[in-house]
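The values are calculated or read from the model by the stated rules, or taken from the named source; none is laboratory data. This structure is a prediction, so every number in the text was calculated from the model and none was measured. Cβ sites come from the backbone with ideal geometry, for glycine too, and all protein chains shown count toward neighbours.
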Amino acid sequence: MLNLFKNGAHIFKRKQEDILSAAFLITVSIALSRILGFVRLRLLAGYFGEDLHLLDAYFAATIIPDSIFEVFIFGSIALAFIPVFSKHLSHDKLDYAWRLASVLMTLGFIFFLVAGIFIFVFSDKIALLVAPGLVSQAPQTQHVISRLLQIIIFSQLFFVVSIFLTGILHSFQRFLVPALASVFYNIGIILSIIFLAPVFGIYAAAIGMIFGALLHLVVQLPLISSLGFKYRPLVDFKNKDVREMIRLMWPRSAAIGLTRLTEIVNIALASSAAIGSIVALNFAQVLQIAPTAFFASSISQAAFVFFAIEYNKGRKNQFKKIFTQSLHQILFLVLPAAAILAILRVPVVRLIFGARDLPWETTVLTARTLLAFSIGIAAQGVNLLLIRGFHAIHDSFTPVRVILVSTTLGILLSLIFILVFKLPIIWLAISYSISNILTAIVLLFLLDKKVGSFDKKQMFLPIFKIGTISALMAIFLYIPMKLLDQLVFDTTRTIGLIFLTAIAGFVGLSVYVILSWIFKVEQLVIFIHFGKRVLSWPAKLKTPPPPTSIEAQQPNP
């Protein structure tokens, strides 16, 4: 038993040596984090459902700090910092790698400190910019958004340091601890809402973001220390690797910035609708992101290292094979998830966000917006993989150009739908889905030309199978849901709603698995075999892992 616990602790230090192992650990941790994220939003709905203007203000306040952080720090770490840092993980270059990490961390902190001071000083003006309609309808929300901005910006300062630690651990192929860090982030917010909301009101959620970000940082420190990293405040603009990272970073930052610009515009447009529209848009956005975060993000994140290795070694056929397999795995998991959200949208929204004090109109609007978002969920997941595919072949500019065009189209459609035709906010989700679908089609076409053409039959036949089976699954989700809702369960009560959702979901997923087996969808077999490997992991805790060495920390060829 002692060996079990002792060796179990080594799981946190183990290197994930293949895509599915890394993706599985990331997915489990993301699932825990997302579940806690839903709990956090449910608490917010419960505490402030009767004061929707406060919830609108909170979600409006988070968009600018999150956007600045994601554009300049988070989104660029994986695709700019990791490739540069990973080049130096060897006996003779490890000290230099640690120095480089310190330099980049210092520069990132300085940049965000300046941005934070700017937001703090001009928070009142920014509040008017992000939610003009809300401020005109409820003028007191301008002050609320301003104060929330001033609190939230401090949380991002902790995240700057923490995300660089995440990049370092990913470079060493340690995915578990960084993924668990996001779990602790949500725990920090949840505890703050529970214990501080009666005293500080809506500001408790913002205070919780500071506490959660601190936990996100602290939980990674033991592992990063065991690898030998010691931070030193250094600034070195002349370093060629610093310049290389900036060169790699700005196209990705521009791409993320364009995506975030869409979300900022949508929040501003939603603020001009009825009070609670920002809440409905945000709740639907959180739900539609879940399949992408659970499956597409984890698989593409884990696959990126392997893409880069194969392409750098000149093995283009192997690169195309891994890319195609990863694409199919993403669609195999994301398409049925999207079908569940589309068909069971009302029960899902009610179960997750249907707090007693949340108005029914907001629940219905959230469900309709979720349906519109579900059209583009698969495309979002594919885009994550495609962007990493381009970065692996050292082309960071093509995704930016494509995203610029598609995002511009999406924003124009949103403006036309809301300001010209006065349509409801579900059309914001439709324009967002159209933009993502267009991006996926064009990026796949261009990547095909860049890498010397994929095998079209090998790529598209499984996609056709998965798509057809997902459509049939949607039918078998809809039929039992309607029958049970009308004839069996009282869905005005939570227990009836749970049984309805569980039974309909079980029938739909069973049909999906059976049809995948009948039509010999390869991904089903792959995941079954991987599931057997996962079940065998507890036995591995009884034997200690081999000692860690610098050589063992290198990415596998």
Checklist line | Condition check for residue 101: buried (at least 20 other Cβ atoms within 10 Å of the Cβ), in contact with a Ser or Thr (Cβ under 7 Å, 6 or more places away or on another chain) and either among the small types (Gly, Ala, Ser) or not in a helix (DSSP H, G or I) (or both) | finding: no
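Sort through 384, 415, 438 and tell me the only one that's in a helix (DSSP H, G or I), of a type outside the set (Val, Ile, Thr), in contact (Cβ under 8 Å) with a residue 60 or more places away in the chain and buried (at least 18 other Cβ atoms within 10 Å of the Cβ).
Going through 384, 415, 438 in turn, the sole match is 384.
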Next item on the list: Mind listing just one residue for me: the one in the stretch 288-306 that is among the aliphatic types (A, V, I, L, M) and within 11 Å of the chain's Cα centre (by Cα) and, of those, farthest from residue 186 (Cα to Cα)?
Entry: 296
Item checked: Counted residues, the stretch 470-487 - those being over 26 Å from residue 513 (Cα atoms) and of a type in the set (A, V, I, L, M, F, W, C) -> 1
Margin query: All but one of (1) of a type in the set (Lys, Arg); (2) closer than 18 Å to residue 345 by Cβ; (3) buried (at least 16 other Cβ atoms within 10 Å of the Cβ) hold for residue 465; state the number of the condition that does not hold.
Written below: (2)
Margin query: Looking at 343, 403, can you tell me which residue is of a type in the set (Val, Ile, Thr), surrounded by 24 or more Cβ atoms within 10 Å (Cβ to Cβ) and either within 30 Å of residue 47 (Cα to Cα) or out of contact with any helix residue (DSSP H, G or I) (no Cβ under 8 Å at 6 or more places or on another chain) (or both)?
Written below: 343
Checklist line | Residue in the stretch 198-244 that is nearest to the chain's Cα centre (by Cα), counting only those that are farther than 11 Å from residue 104 by Cα and among the basic types (Lys, Arg) | finding: 230
Item checked: Options 225, 192, 182: the member that is among the hydroxyl-bearing types (Ser, Thr, Tyr), in a helix (DSSP H, G or I) and surrounded by fewer than 21 Cβ atoms within 10 Å (Cβ to Cβ) -> 225
Item checked: Total residues in the stretch 238-280, condition farther than 30 Å from residue 93 by Cα, of a type in the set (A, V, I, L, M) and outside any loop (DSSP other than H, G, I, E, B) -> 14
Next item on the list: Considering each residue of the stretch 418-430, count those that are surrounded by fewer than 23 Cβ atoms within 10 Å (Cβ to Cβ) and either within 17 Å of residue 371 (Cα to Cα) or within 24 Å of the chain's Cα centre (by Cα) (or both), and give that number.
Entry: 5
Item checked: Single condition residue 188 does not satisfy, out of (1) over 28 Å from residue 302 (Cα atoms); (2) in contact with a Gly (Cβ under 6 Å, 6 or more places away or on another chain) -> (1)
Check: With respect to residue 247, is the statement that it is out of contact with any Leu (no Cβ under 7 Å at 6 or more places or on another chain), surrounded by fewer than 19 Cβ atoms within 10 Å (Cβ to Cβ) and either free of Cβ contacts under 8 Å to residues at least 12 places away in the same chain or aromatic (Phe, Trp, Tyr) (or both) true?
Finding: yes
Next item on the list: Scan the stretch 504-521 for residues that are of a type outside the set (Gly, Ala, Ser), assigned to a helix (DSSP H, G or I) and over 12 Å from residue 340 (Cα atoms) and jot them down.
Entry: 511, 513, 514, 515, 517, 518
Next item on the list: Tell me, yes or no, whether the stretch 205-214 has at least one residue that is assigned to a helix (DSSP H, G or I), out of contact with any helix residue (DSSP H, G or I) (no Cβ under 6 Å at 6 or more places or on another chain) and without any contact (Cβ under 8 Å) to a residue 60 or more places away in the chain.
Entry: no
Margin query: Would you confirm, using the coordinates I've provided, whether residue 155 is touching a Pro at 6+ places or on another chain (Cβ under 9 Å), surrounded by 21 or more Cβ atoms within 10 Å (Cβ to Cβ) and polar (S, T, N, Q)?
Written below: yes
Checklist line | Matching option when the condition is part of a helix (DSSP H, G or I), under 30 Å from residue 35 (Cα atoms) and either out of contact with any Asp or Glu (no Cβ under 7 Å at 6 or more places or on another chain) or not aliphatic (A, V, I, L, M) (or both), among 283, 319 | finding: 283
Check: in contact (Cβ under 8 Å) with a residue 60 or more places away in the chain and of a type in the set (Lys, Arg) - does that describe any residue in the stretch 318-341?
Finding: yes
Next item on the list: Working carefully through the options 113, 44, 100, find the one that is modelled with pLDDT under 95 and touching a His at 6+ places or on another chain (Cβ under 7 Å).
Entry: 100
Item checked: Hey, residue 423 touching a helix residue (DSSP H, G or I) at 6+ places or on another chain (Cβ under 9 Å) and either at positive phi or in contact (Cβ under 8 Å) with a residue 12 or more places away in the chain (or both) or not -> no
Next item on the list: Collect the residues in the stretch 241-271 that are at pLDDT 90 or above and hydroxyl-bearing (Ser, Thr, Tyr), keeping them in residue-number order.
Entry: 262, 271
